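Remarks on the structure that follows.
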Ligand code: SF4
């Protein structure tokens, strides 16, 4: 298990949705941009906490899926997603 924080910056996000296909926790929000919804994944219910602040969506997870989040971040053409491990 790894504790990590996923930050999605709304400003650079361009609604290209490359992230969605890498990690199903990324979803399209009402504004046409991406957001993070841990409950959006029908297969895996891992919990996680999400809050929005200053145009950013910040999610904290404690699971084995950091690689998926990193792949979503790497796939994002505008580098809107940042994944950081959190020290316990
Ligand atoms: S891939 Fe990047 S730009 Fe595209 S929707 Fe996801 S976060 Fe936004």
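Observations
- Residue in region 63-85 that is assigned to a strand (DSSP E or B), modelled with pLDDT under 95, away from the ligand (no atom under 16 Å from the Cβ) and out of contact with any helix residue (DSSP H, G or I) (no Cβ under 9 Å at 6 or more places or on another chain) present: yes
- Test result for residue 47, touching a residue at least 12 places away in the same chain (Cβ under 8 Å), within 13 Å of the ligand (Cβ to nearest atom) and out of contact with any strand residue (DSSP E or B) (no Cβ under 6 Å at 6 or more places or on another chain): no
- Complete set of residues in region 28-60 that are more than 16 Å from residue 79 (Cβ to Cβ), touching a helix residue (DSSP H, G or I) at 6+ places or on another chain (Cβ under 8 Å) and buried (at least 17 other Cβ atoms within 10 Å of the Cβ): 48, 50, 59
- Residue that is farthest from the ligand (Cβ to nearest atom), among those in region 6-25 that are part of a strand (DSSP E or B) and crowded, with 22+ Cβ neighbours inside 10 Å: 6
- Checked against (1) in contact (Cβ under 8 Å) with a residue 24 or more places away in the chain; (2) in a loop (DSSP other than H, G, I, E, B); (3) within 15 Å of the ligand (Cβ to nearest atom), residue 88 passes all but a single condition, namely (3).
The values are calculated or read from the model by the stated rules, or taken from the named source; none is laboratory data. This one's a predicted model, so the numbers in the text were calculated from it and none came from an experiment. No Cβ is skipped: glycine too gets one built from the backbone with ideal geometry, and neighbour counts run over all protein chains shown.
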